[in-house]
Amino acid sequence: MVTLEVSILGGGFARWSYQGPPMKRGVIAWAYVEGEEHPVAVKVRGPSRKPSEGRLIRFEPIPQETKLRLLKNLVRGMIWEEGYRDLRIVHVTLDEERGHVHYTYVADRRLQLEEMAPRIAKRLHLRVTFEQIGARDYAQQIGGIGVCGMEVCCKLFLKKIPSVSLDMARRQYLFVAPERLSGICGRLLCCLRYELPVYEELQKRLPRKGESFRLPDGQTGVVHTIRHLQEEVDLQLPDGSVVTYRLDELLTLEKV
């Protein structure tokens, strides 16, 4: 029987007398201790010459998914204690052999967690690093269904996430509230960026709103509505009625 020293995930150390298969240093496992009702998640440090504080009945492997969930929940609580209430951990990577855990997170503002990482590392007994990603990058990782009913473009085919502005929406005649132009990530739709050249090309061919044309019956119609993708234009007549013309038909009319 040997005395084995372990690090308890979440803080603290322990030494228990142990008789069983040798455990590799650095392994994270469940430890069943005599007199304790529930197992404890520990990281094996190795044999110790100091006196034991209890008797370890057995070790039990922890599934990788459970390890990641445990490490995620532990750090989530520590971050909450530090006052970061708008931070959300979205991915955890564990390199058990090197004793390194990496957290990817999203937040509404830019955060610097370099100073907090060493404090958390002391409690987890692992080297801890953090990486902040944007909401668009997160949506690209997990995927989903967009407002168009298809898989989101960032997951389907976009290799780089483009920058999008409200001005791009205005140049496509989309004068609505920003939230109605947002994707599942909460940011402006990526299609506003890569569809813009199509609208710019159509705008060169289609008339502008407010332009006037003389109809075959002699009336003057004013451009009221432009449907770029359909290449159709609604002309408002003097009596308030509206007639629709296709682009090829409109080109035959005289511009006033």
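The values are calculated or read from the model by the stated rules, or taken from the named source; none is laboratory data. Just so you know, these numbers come straight off a predicted model, no measurement behind them. In this analysis, Cβ positions are derived from the backbone assuming ideal geometry, glycine residues included, and neighbour counts consider all displayed protein chains.
Which one of these is more than 27 Å from Pro118 (Cβ to Cβ), in a loop (DSSP other than H, G, I, E, B), in contact with a strand residue (DSSP E or B) (Cβ under 6 Å, 6 or more places away or on another chain) and among the small types (Gly, Ala, Ser): Ser52, Ser17?
Exactly one of Ser52, Ser17 is more than 27 Å from Pro118 (Cβ to Cβ), in a loop (DSSP other than H, G, I, E, B), in contact with a strand residue (DSSP E or B) (Cβ under 6 Å, 6 or more places away or on another chain) and among the small types (Gly, Ala, Ser), namely Ser52.
Can you name the residue in the range 144-167 that is part of a loop (DSSP other than H, G, I, E, B) and of a type in the set (A, V, I, L, M) and is also nearest to Glu195 (Cα to Cα) among such residues?
Once the filter is applied, the top-ranked residue is Val164.
Which of the residues that make up the range 177-196 are part of a loop (DSSP other than H, G, I, E, B) and without any contact (Cβ under 8 Å) to a residue 24 or more places away in the chain?
Ala177, Glu195
For Gln141, which of the numbered conditions (1) free of Cβ contacts under 8 Å to residues at least 60 places away in the same chain; (2) crowded, with 16+ Cβ neighbours inside 10 Å; (3) part of a helix (DSSP H, G or I) fails to hold?
Every listed condition holds for Gln141 apart from (2).
Give Arg49, Arg110 a once-over and let me know the one that is under 29 Å from Cys185 (Cα atoms) and among the basic types (Lys, Arg).
When all the criteria are applied, what remains is Arg110.
Which of the following residues is out of contact with any Asp or Glu (no Cβ under 9 Å at 6 or more places or on another chain), surrounded by fewer than 17 Cβ atoms within 10 Å (Cβ to Cβ), in a strand (DSSP E or B) and not acidic (Asp, Glu): Thr66, Thr93?
Step by step, each of Thr66, Thr93 is checked, and only Thr93 is out of contact with any Asp or Glu (no Cβ under 9 Å at 6 or more places or on another chain), surrounded by fewer than 17 Cβ atoms within 10 Å (Cβ to Cβ), in a strand (DSSP E or B) and not acidic (Asp, Glu).
Restricting attention to the range 148-176, report how many residues are of a type in the set (Lys, Arg) and either in contact with a Cys (Cβ under 9 Å, 6 or more places away or on another chain) or in contact (Cβ under 8 Å) with a residue 24 or more places away in the chain (or both).
Count: 1.
Taking the range 214-236, which residues are in contact (Cβ under 8 Å) with a residue 40 or more places away in the chain and over 12 Å from Leu247 (Cβ atoms)?
Arg214
Kindly indicate whether Trp30 is surrounded by fewer than 17 Cβ atoms within 10 Å (Cβ to Cβ), of a type in the set (Phe, Trp, Tyr) and free of Cβ contacts under 8 Å to residues at least 24 places away in the same chain.
No: the conditions fail for Trp30.
If the requirement is being surrounded by 14 or more Cβ atoms within 10 Å (Cβ to Cβ), in contact with a Pro (Cβ under 6 Å, 6 or more places away or on another chain) and at pLDDT 90 or above, which of these qualifies: Val223, Val233?
Val223
Take Cys191 and tell me if it is at pLDDT 85 or above and either surrounded by fewer than 14 Cβ atoms within 10 Å (Cβ to Cβ) or assigned by TED's automatic domain parsing to the domain that holds Val152 (or both).
yes
Scan Arg98, Arg85, Arg49, Arg76 and give me the residue that is closer than 30 Å to Gln141 by Cβ and at pLDDT below 90.
Arg85
Give the residues of the range 99-138 that are of a type outside the set (A, V, I, L, M, F, W, C), surrounded by 15 or more Cβ atoms within 10 Å (Cβ to Cβ) and part of a loop (DSSP other than H, G, I, E, B), sorted by residue number.
Correct list: Gly99, His125.
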